[in-house]
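The values are calculated or read from the model by the stated rules, or taken from the named source; none is laboratory data. All values derive from a computational prediction rather than experimental measurement. Counting neighbours? That spans all protein chains shown, and the Cβs are built from the backbone with ideal geometry, glycine included. Note: accessible area is taken over every heavy atom of the protein model, side chains too, but ligands, DNA and RNA are not part of it. Shrake-Rupley method; radii C 1.70, N 1.55, O 1.52, S 1.80 Å.
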Amino acid sequence: EQHLEKTPNEYIRWRFQHGDDKEALAKDTMQLTDEEREKVKEPCTFEIEDDKGNKSKVKWRIEKLTGGRKTVKKETEYEVQFVGMTYNSNRYVSATKLAKWGFTKHMLVVDEKVAQRAGAFATPLTTANAEKHLEDVGLDKEFGTHTRMSALSGGQKVKVVIAAAMWALPHIVILDEPTNYLDRDSLGALAGAIRTYEGGVVMITHNNEFCSALCPETWLMQKDAADGIAECNCKGDAEWMAKASKASVQAAVQLDEITDALGNVVKIEKEKKSKDKMSRKEKKQAEKIRKAKIANGEAVSSDDDWD
């Protein structure tokens, strides 16, 4: 409702300008409370070491998180800048320590920016691309590029919200009452999109018919008549969930390479299996591959060390 003077196309380009999702960064969960603002002003204790190897403890105030992030020994670390000090004094600090010092929301902001910029490589933020993206969710360019959002119907505004949510190619989509204002054709298109979407989908809805047709697992929030406390009851197709989980694991085991968020192809090094550890089926398959390599003139390993 704050962008009714913009067209849907202008809104998407404004929202994701410079690679950040402005709406996501403005959420209440990202905003500091007065108590949190005071806590992050407190000095933090660091251990430093001079050129001679002598260690000492100092107290510095963190000015901000610069946006740098890396993983060290399975723990995420964030680059911090200190008050009154140059960038040469910046250092990486573990997420555990930063959370203890009150920088949880600062880390969420960095995580959000990193995720958005990874998705920004997929599609350049141009008028033509935004127009095509809006058409993909059923909003013609007449309404997507040439009509202000104040003149759109409720259903058309829902399409704008869905288009914006999908712009950065998220892995998980959370839909809050997605069926509101949508006509029959739009509901059918949304159902089809959810079925073919390769990521995770969480729906919050009162439309049981729509939800049950798409979601194999349901979490029902229901208030207890005795104490008035809402409880979560889970229901679903347990057999489907078990098969889906098993299929995901098998698919991951069979992968030879993966592509990270930046489009880099990473080869997966698989552990070699000796012949005596193979099952009969594995031995036959390995022997078949081995003979094919020999026929093609490729080098093969010894009988005791199979690929």
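Lys277 passes all but one of (1) of a type outside the set (Ser, Thr, Tyr); (2) closer than 30 Å to Asp136 by Cβ; (3) at pLDDT 65 or above; which number fails?
Evaluating Lys277 over (1) of a type outside the set (Ser, Thr, Tyr); (2) closer than 30 Å to Asp136 by Cβ; (3) at pLDDT 65 or above leaves (2) as the failure.
Between a residue in region 12-29 that is open to solvent by less than 80 Å² (accessible area, probe 1.4 Å) and part of a loop (DSSP other than H, G, I, E, B) and any residue that is modelled with pLDDT under 85 and of a type outside the set (Val, Ile, Thr), which pairs come within a Cβ distance under 6 Å, given they are 6 or more apart or on different chains?
Note: pairs meeting the criteria are Asp20/Gln116; Asp21/Gln116.
Out of region 92-102, which residues are surrounded by 14 or more Cβ atoms within 10 Å (Cβ to Cβ) and either more than 16 Å from Lys70 (Cβ to Cβ) or of a type in the set (Gly, Ala, Ser) (or both)?
Ser94, Ala95, Trp101, Gly102
Please go through region 30-48 and pick out each residue that is touching a residue at least 60 places away in the same chain (Cβ under 8 Å) and in a helix (DSSP H, G or I).
Matches in region 30-48: Met30, Glu36, Lys39.
Examine region 83-91 for a residue that is open to solvent by less than 60 Å² (accessible area, probe 1.4 Å), aromatic (Phe, Trp, Tyr) and either outside any helix (DSSP H, G or I) or without any contact (Cβ under 8 Å) to a residue 24 or more places away in the chain (or both), and state whether such a residue exists.
Among the residues of region 83-91, not one is open to solvent by less than 60 Å² (accessible area, probe 1.4 Å), aromatic (Phe, Trp, Tyr) and either outside any helix (DSSP H, G or I) or without any contact (Cβ under 8 Å) to a residue 24 or more places away in the chain (or both), which makes the answer no.
Out of region 183-202, which residues are part of a strand (DSSP E or B) and either open to solvent by 90 Å² or more (accessible area, probe 1.4 Å) or more than 19 Å from Leu169 (Cβ to Cβ) (or both)?
Within region 183-202, no residue meets the criteria.
Can you tell which of Gly67, Gly53 is surrounded by 10 or more Cβ atoms within 10 Å (Cβ to Cβ), at positive phi and modelled with pLDDT under 95?
After applying the criteria, what remains is Gly67.
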